[in-house]
Amino acid sequence: MPQSLRAIPAWAILSLISNGLLIAAVVISLMRDPRSLVAPPTHASITPSQAPEAIAPPSTPGLGPELSPELGPRHQLSYQQWQDLLQQEAEAIAENQPSRLSILLGDSISLWFPPNLLPSDRTWLNQGISGEISSGLLNRLSLIDQTQPETIFVMIGINDLIREFTDETIVANQRLILQDLKAMHPDAQIVLQSILPHGGEKVTWEGKDRLLKISNDRIWDLNQRLKAIALEQNAYYLDLYPLFTDEEGVLRSELSTDGLHLSREGYMVWRSALQLYSQIELERKD
């Protein structure tokens, strides 16, 4: 065996193989009837749409998605009010700890994950905020300190890029996020997910000019650095990027509503990836 291969830990090689199997499995799933991927949740799913009052993400000009019509009329919340709501939801979960809790941490892409498309074998706590950046997420991780999650899925970074933060800042913040989560939730499986590509010239999002300043090659390179810090911090890394790109290397139009945010079909792909990654990678190491 070449000396360079001997230097690679066996678990890292297995992780690469598992991610390759995941991509193949998701592709096979997509070739089937998409309706077979949809199943109603069998456990509670705590999401903003189930709050006592109908609410909307904080008003961050040009950084949030259009309001989802299925969520009904809403009033606008400040960022602090939105955090207060997420804290209430986390406290409700902490008071009655479910046996299998998974937490979504991120921005609007995580926030708008349809509850009925989340894998149904667990309880989900969605802690996404529209327009969120990595430093904002880092500063509010204490909201989930009292919960006892089995798995925490993190996706953050696209808004940092839109706001022209450097890759070094993004990587440093995500390293701190992983360190904080590992310290507060030592028994949880922490999964860092890749930043998704954008739709290139097909983008119709209102912030198109800012988004197109960010090349998908840069996002791909940044993802390689995120993968490295996940391995460094003994966390998991779920590479969603190749599942969402077309032959031109941009976000597949059928998986997006505007070249940035995901369509229902996009969330179905993500759902399949979460299910298969859990089966192939997480449960194997449990």
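Test each condition in (1) of a type outside the set (S, T, N, Q); (2) closer than 19 Å to Ser108 by Cβ; (3) open to solvent by 10 Å² or more (accessible area, probe 1.4 Å) for Ala172 and report the one that comes out false. (2) is the only condition that Ala172 fails.
The residue list Gln148, Gln193, Gln189 contains one member that is open to solvent by 70 Å² or more (accessible area, probe 1.4 Å), modelled with pLDDT of 95 or more and within 23 Å of Gln279 (Cβ to Cβ), which is Gln148. Reported count of residues in region 86-98, each being touching a residue at least 24 places away in the same chain (Cβ under 8 Å) and either assigned to a loop (DSSP other than H, G, I, E, B) or open to solvent by less than 20 Å² (accessible area, probe 1.4 Å) (or both), is 6.
Candidates in region 239-267 are the residues that are of a type in the set (Ser, Thr, Tyr) and in contact with a Gly (Cβ under 7 Å, 6 or more places away or on another chain); of these, the one that is farthest from Glu206 (Cα to Cα) is Ser253. In the set (1) more than 18 Å from Leu192 (Cα to Cα); (2) part of a strand (DSSP E or B), Gly131 fails one condition alone, (2). Within region 237-251, restricting attention to residues that are in contact (Cβ under 8 Å) with a residue 24 or more places away in the chain and over 13 Å from Gln193 (Cβ atoms), the residue that is surrounded by the most Cβ atoms within 10 Å (Cβ to Cβ) is Leu251. If we scan region 209-221, do we find a residue that is surrounded by 15 or more Cβ atoms within 10 Å (Cβ to Cβ), at pLDDT 95 or above, under 17 Å from Leu282 (Cα atoms) and not hydroxyl-bearing (Ser, Thr, Tyr)? Within region 209-221, none of the residues are surrounded by 15 or more Cβ atoms within 10 Å (Cβ to Cβ), at pLDDT 95 or above, under 17 Å from Leu282 (Cα atoms) and not hydroxyl-bearing (Ser, Thr, Tyr).
Taking residues in region 223-236 that are at negative phi and open to solvent by less than 40 Å² (accessible area, probe 1.4 Å), and partners anywhere that are among the small types (Gly, Ala, Ser) and not in a helix (DSSP H, G or I), the pairs with Cβ atoms closer than 7 Å and at least 6 places apart or on different chains are Asn223/Ser194; Leu226/Ser194.
The values are calculated or read from the model by the stated rules, or taken from the named source; none is laboratory data. Just so we're clear, the structure is a prediction, and the values are computed from it rather than from any experiment. Positions of Cβ are generated from backbone atoms using ideal geometry, with glycine treated the same way; all protein chains shown enter the neighbour counts. Protein only, heavy atoms only, side chains kept; ligands, DNA and RNA dropped before computing areas. Shrake-Rupley method; radii C 1.70, N 1.55, O 1.52, S 1.80 Å.
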